[in-house]
Amino acid sequence: MTIGTRARPSLTRRGSRLADRGFVVLTAGLAAGIVGLLVAIAVMLTLTSRETWQTFGVLGFLTGTTWDVVNGVYGALPFIVGTIETSLLALVIAAPIAILTAIYLAELAPGRLAVPLTFTIEILAAIPSVVIGLWGIFVLSPFLRSTVEAFLVQTFGFIPLFSGPAYGIGLFAAGVILAIMILPTIITISREVIIAVPNAQREGMLALGATRWEVITRAVLPYARSGIMGAIILGLGRALGETMAVTMVIGNKDAIPDSLFSQTQTIASKIATTFNEASVGIQTSSLIALGLVLLGITLTLNVIARLLVRRVTGGVPRRV
């Protein structure tokens, strides 16, 4: 073997190391760029809304309940409450349905049925929100008013949470339509996570004489729970920022909802319905401040959700 042929493997390994380092630098730069973009957005929103913070103060704006354009008084609390309540209501409705659907598609449904159902669910995710909003106005709201809301008011109306009247337009309708919109996201991701569970988990339980339900609840779901929680987090993120469909069915009333059927607004719907007509100055600054608050709520809830995932999974596994 000559000296030249001995040097070739060394040169090849050196080139591979350089390529690896270059790839690491590139991916790290892209990741840093995403973080930098988030910081840039937060800084821009903070600077352009500083008039609001200087006028009302952070606490005064966040706890204010009045949005009076004539007198120049602006408070964000009704929209914060509306945003959180509609998103959590959507999550309460959508999460159980989505997880059970994902289990059926991944574990129980025959292939000839699972494939078209999965395709249909993915198509649902591609429907524009304004189309879903129109459907919500003309189909969902009348249906809810005459069935679900009427039943809840008649049966549980003595409880303030379910006090009427039921209009079909309001917090409950917005929560239901948001649930419909986040279902495809949670179902699709949860299904993929469940399918990715190693078959050895299932075979081990079956070998011990477990039923299919025991295999799903004791072997599959515990293994996939972190991924399912991640799917729910993504669904929550979409619910917090959804605009058009919610705007069309929530009622757009600047008030803190006092029941499940009250008309209210979210931060996104308030910005969408007001920003084009807002006057330059404190009103525009207040709307931008609402956007900054929405960004803060989204980041806060995502951090809390990530901490819950770590607690459920027993912490982040170490790399080997």
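Would you calculate, for the chain, the mean residue ellipticity at 222 nm contributed by helices, counting each DSSP H stretch of 4 or more residues as -39,500 (n - 2.57) and dividing by all residues, to the nearest 500?
After summing the helix terms and dividing by residue count, I get -23500 deg cm²/dmol.
Roughly how many Å is it from the Cα centre of segment 243-298 to that of segment 28-105, as a whole number?
The two parts, judged by their Cα centres, are 10 Å apart.
Starting with the highest mean, order 53-62, 134-143 by the number of other Cβ atoms within 10 Å, averaged over the residues of each peptide. Could the numbers behind the result be given before it?
Numbers: 53-62: 14.2, 134-143: 16.2.
Going from most to least packed, we get 134-143, 53-62.
Between helix 3-48 and the chain, what is the angle of the helix's C-alpha long axis to the longest principal axis, kept within 0 to 90° and rounded to the nearest 10?
Roughly 10 degrees between the two axes.
Under the definition of Cα pairs under 8 Å and six or more residues apart, what whole-number percent is the relative contact order of segment 86-223?
The normalised contact order for segment 86-223 reaches 39 percent.
Just how large is the dipole of the chain about the Cα centre, in debye to the nearest 20, putting +1 at every Lys and Arg Cβ and -1 at every Asp and Glu Cβ? Display every interim value, and only then the final one.
Details: 22 positive and 14 negative charges, 400 e Å.
With Lys and Arg at +1 and Asp and Glu at -1, about 1920 debye.
For the modelled label position 7 Å from the Cα of TRP213 along Cα-to-Cβ, which residues of segment 83-122 have backbone nitrogen atoms closer than 18 Å?
97, 99-109
Please give the length that would be gained between LEU26 and ASN276 if that part of the chain were fully extended, namely 0.36 nm times their separation in residues minus their C-alpha to C-alpha distance (nm, one decimal).
86.0 nm
For Cα pairs less than 8 Å apart in space and 6+ apart in sequence, what is the mean separation divided by the residue count of the chain, i.e. the relative contact order in percent?
Value for the chain: 26 percent.
From the list [x] 90, 55, 35; [y] 72, 41, 35; [z] 50, 46, 37, can you say which value of Cα extents along the principal axes in Å was derived from the structure given?
Among [x] 90, 55, 35; [y] 72, 41, 35; [z] 50, 46, 37, the one calculated here is [x].
Would you work out the relative contact order for segment 188-320, in percent, from Cα pairs under 8 angstrom that are 6 or more residues apart?
With pairs under 8 Å counted, the relative contact order is 21 percent.
Once you place label points 7 Å from the Cα toward the Cβ at LEU124 and SER226, how far apart are they in nm?
2.9
What does the extension gain come out to for ARG112 and LEU308, with contour length at 0.36 nm per residue minus their alpha carbon separation?
66.9 nm
Compute the length gained on full extension between THR48 and LEU18: take 0.36 nm times their separation in residues and subtract their Cα-Cα distance, giving the result in nm to one decimal. Can you show the working numbers first?
On the way: separation 30, 0.36 × 30 = 10.80 nm, distance 4.39 nm.
Extra length from THR48 to LEU18 when fully extended: 6.4 nm.
Set Lys and Arg Cβ to +1 and Asp and Glu Cβ to -1, take the dipole of the chain about its Cα centre, and tell me which of LEU89, LEU100, SER141 lies farthest positive.
The residue sitting farthest along the positive end of the dipole is LEU100.
Helix 282-313 versus the longest principal axis of the chain: what angle, 0 to 90°, nearest 10, using Cα atoms?
40
So what's the angle, to the nearest 10 degrees on a 0 to 90 scale, between helix 111-125 and the longest Cα principal axis of the chain?
With rounding to tens, the tilt is 50 degrees.
What FRET efficiency comes out for the pair TYR167/THR63, r = Cβ-Cβ distance, R0 = 30 Å, nearest 0.05? Spell out each step's value before the answer.
Values: r = 28 Å, r/R0 = 0.93.
Efficiency at R0 = 30 Å is approximately 0.60.
Projected onto the charge dipole of the chain (+1 at Lys/Arg Cβ, -1 at Asp/Glu Cβ, origin at the Cα centre), which of GLY281, LEU37, ALA207 gives the Cα projection farthest towards the positive end?
Farthest along the dipole direction, towards plus: ALA207.
Could you size up the charge dipole of segment 110-211 around its Cα centre, putting +1 on the beta carbon of Lys and Arg and -1 on that of Asp and Glu, and report it in debye to the nearest 20?
The dipole magnitude comes to about 100 debye.
Readers should treat all values here as calculations from the given coordinates under stated rules, not as data from a laboratory. Source: prediction; values computed, not measured. Quick reminder, even Gly has a Cβ in these numbers, built from the backbone with ideal geometry, and neighbours come from all protein chains shown.
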